[in-house]
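Below is one structure; the comments refer to it alone.
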There are 2 protein chains.
Amino acid sequence: MYKVDIEKKNFIIKFGKNLQRIRVQKKLTQAQLAADSNVEISQISRVERGVLNTSLGNIYAISQALGVPIDELFKF
Amino acid sequence: MYKVDIEKKNFIIKFGKNLQRIRVQKKLTQAQLAADSNVEISQISRVERGVLNTSLGNIYAISQALGVPIDELFKF
DNA sequence: TTATTTGTAGGCAAATATGCTCATAATATT
DNA sequence: AATATTATGAGCATATTTGCCTACAAATAA
């Protein structure tokens, strides 16, 4: 994720924080979310910390596993 | 994009179609959207056709270039 | 119909994400 | 405090995306 500009980077970080907030609110561990979404646990961790610019498909899978509409992940 | 399952794939295709719908509605060409978003034009084409599982950062950049909130791209 | 614009398609190298593993830190539980 | 659980960090091979390019198809305008 070297070439993303600062604004993009900030967005990605905010997205991760919001994801973590929702996951904790749902009382799920990263391991549970990983299992339910079929997204690797190390990736879940990286997405939440905003160190990774993950894909549309993963975002969708995660929203499904959380049981929330995908646009909920963008409400911040 | 080999490992995405069918449901994911369908979602990605719907997302692309919705993106194209919004771009056309805004009377922008792929070239204009590429220039405004700083996402390569060939990628824009592939995202709209759903052949590519693009990244959060690109989706954000595209929404900015379109002048719509990002969750608008997920309303379909 | 001819020319112009717009979109699709494919190949390629380089950049980045992904899945996997192990180690360690941080947090919660006893 | 000690133990168990949960999250972070880093490294690696492989998969995928990205940007750049060229060629062609499809639509639009002249």
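What are the residues in the stretch A:23-71 that are under 18 Å from A:ILE13 (Cβ atoms), within 14 Å of chain B (Cβ to nearest Cβ) and surrounded by fewer than 18 Cβ atoms within 10 Å (Cβ to Cβ), if any? Scanning the stretch A:23-71 gives A:GLN43, A:ARG46, A:ARG49, A:VAL51. Within the stretch A:40-51, residues that are closer than 9 Å to A:GLN30 by Cα have Cβ atoms under 6 Å from residues that are part of a helix (DSSP H, G or I) and near DNA strand C (Cβ under 9 Å from one of its atoms) in these pairs: A:ILE41/A:ALA34; A:ILE44/A:ALA34, counting only partners at least 6 apart in sequence or on another chain.
If the condition is being within 21 Å of A:ILE6 (Cα to Cα), of a type in the set (Gly, Ala, Ser) and more than 8 Å from DNA strand C (Cβ to nearest atom), then the stretch A:46-62 contributes only A:GLY50.
Within the stretch A:20-37, residues that are among the charged types (D, E, K, R) sit with their Cβ atoms under 7 Å from residues that are at pLDDT 95 or above, at 6+ positions apart or across chains, in these pairs: A:ARG23/A:LEU33; A:ARG23/A:LEU66; A:LYS26/A:LEU66; A:ASP36/A:ALA65.
Scanning the stretch A:1-47 for residues that are basic (Lys, Arg), part of a helix (DSSP H, G or I) and within 11 Å of DNA strand D (Cβ to nearest atom) returns A:LYS8, A:LYS17, A:ARG23, A:ARG46. If you filter the stretch A:2-22 down to residues that are more than 12 Å from B:TYR60 (Cα to Cα) and β-branched (Val, Ile, Thr), you find that the one that is surrounded by the most Cβ atoms within 10 Å (Cβ to Cβ) is A:ILE22. Answer yes or no: is there a residue in the stretch B:22-41 that is under 26 Å from A:SER37 (Cα atoms) and among the aliphatic types (A, V, I, L, M). Scanning the stretch B:22-41 turns up no residue that is under 26 Å from A:SER37 (Cα atoms) and among the aliphatic types (A, V, I, L, M).
The values are calculated or read from the model by the stated rules, or taken from the named source; none is laboratory data. What you see is a predicted model, and the numbers here were worked out from it, not measured in a lab. Cβ atoms come from the backbone with ideal geometry, glycine included; neighbour counts cover every protein chain shown.
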